[in-house]
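Asker: Just passing along the structure, written as structure tokens.
The values are calculated or read from the model by the stated rules, or taken from the named source; none is laboratory data. As the structure is a prediction and not an experimental result, all values here were calculated from the model. Here the Cβ positions follow ideal geometry from the backbone for every residue, glycine too, while neighbour counts run over all protein chains shown. Ligands, DNA and RNA are excluded from the accessible area calculation, which covers all protein heavy atoms including side chains. Shrake-Rupley method; radii C 1.70, N 1.55, O 1.52, S 1.80 Å.
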Amino acid sequence: MSADFWAGYLSGAAGILIGNPLDIVKTRLQAGAVGAEAAAAAAGEHREDGGRIGGGRGAGGAEGSKRGWQRVGALAKGSAAPILGYGALNALLFVTYNRALALLSPPSSLPPTTASPSASPAPPHHPPLLATFIAGALGGLATFVVSAPTELIKCRAQVSLSAANSGGGGSSSSSSSWAVARAVWRAEGPRGLYRGGAVTSARDAIGYGFYFWSYELSKRALCSDEEGHGAADGSSPGQSDTAAALKVLLCGGVAGIVTWTSIFPLDVIKTRIQTQPLPSPSLSTVAAPAVPLPNPANLASASSSSPSPPPCGALATALHLYAADGPAVFFRGLGVCSARAFVVNAVQWAVYEWVMGAL
């Protein structure tokens, strides 16, 4: 396989390992407090052995130690699906981006990894910014087949984790990525894994368009005052490896913040749709325990005497959220997400550039 495939795969896996703890916080903020409380109540009803949770057991001793380890494990909850999925997603993203950029840009404007061998190295490697945005959007659309199920499993596992740690002490296996995937498959089949797929594809297309556009723009801004305008990885002639690495880290971090700021309302809607409860109420009786999740989109009707059915579509969910909490709900968790985005994307771009250079 090509170098950009492996560079994308490794950089995606590295980003998830670093950013998963903050991603858990972001997902729970987006899902809403009412949803977390409902999940905690549902998780407290049953254990895998059929016993009642919290009935006649003390908070100290072995139980206290167990809950302590559960809180430590919370930092990695829901990371199995992203580590496997986002490696493949990032690989597909960068391969599609590079190929699309090669088709959309003049050969003389492409970096050596994308331009043809006969292209002249004299001009600076500055592909048109519009071509960069379009290529990034095409790359984002190409990742849909991986990103939609990965995001759904990740969000459901992360939200259901709060049920296990909010006093119910639910089983850790009931909120694992694999248990979530099995529960969704049993309830809705393969179609269930793509719930919220339309808003996910829109989010990815817009987000990755801004992702590559802002990274390229940041590199040009940092290198604009230096002779030669820099290389494809953001370095400039004569500068040290440390300075080049710092530029890549800074540009990657800026790209991450720009990306998430541009798509955060869409991400909130996606999270609400994907963490709605499974349709079949009988899932808790099957051999593998289903994940008892709340209806985080139904905030307004949670305290109503006659709650209405939860909205399922993107537009209905957006209107419901706006009516319940106003425009601020679409930016809930943005601060945590921006901090995570800077760190994760700085590391991702650094790993990507390093692997590309090594291969």
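Asker: Which order do the peptides 316-325, 265-274 come out in when sorted by mean C-beta neighbours inside 10 angstrom, highest first? Please list the in-between numbers first.
Answerer: Values: 316-325: 17.0, 265-274: 25.2.
So the order, starting with the most tightly packed, is 265-274, 316-325.
Asker: So how do Arg182, Arg195, Arg203 rank on accessible area, 1.4 Å probe, biggest first, that is with the largest at the start?
Answerer: Numbers: Arg182 105, Arg195 45, Arg203 15 Å².
My answer, sorted largest first, is Arg182, Arg195, Arg203.
Asker: Can you work out the FRET efficiency for the pair Leu130 and Trp178, with r the C-beta to C-beta distance and R0 = 41 Å, to the nearest 0.05?
Answerer: Numbers: r = 42 Å, r/R0 = 1.03.
It comes out at approximately 0.45.
Asker: Between Trp185 and Ala316, what FRET efficiency follows from the Cβ-Cβ distance if R0 is 30 Å, with the result rounded to 0.05? Please list the in-between numbers first.
Answerer: On the way: r = 25 Å, r/R0 = 0.84.
Plugging the Cβ-Cβ distance into 1/(1 + (r/R0)^6) gives 0.75.
Asker: State the extension gain, in nm to one decimal, for the chain segment bounded by Ala198 and Ile18, taking 0.36 nm per residue of separation less the distance between their alpha-carbons.
Answerer: Working: separation 180, 0.36 × 180 = 64.80 nm, distance 2.80 nm.
This chain segment gains 62.0 nm when fully extended.
Asker: Under a crude label model (7 Å from the Cα following the beta-carbon direction), how far is Ala243 from Ala3 in nanometres?
Answerer: Placing both labels 7 Å along Cα→Cβ, they lie 2.4 nm apart.
Asker: Return the distance in nm (one decimal) between the two label points of a simple spin-label model at Arg220 and Leu103, each offset 7 Å from Cα along Cα→Cβ.
Answerer: Roughly 2.3 nm, to one decimal.
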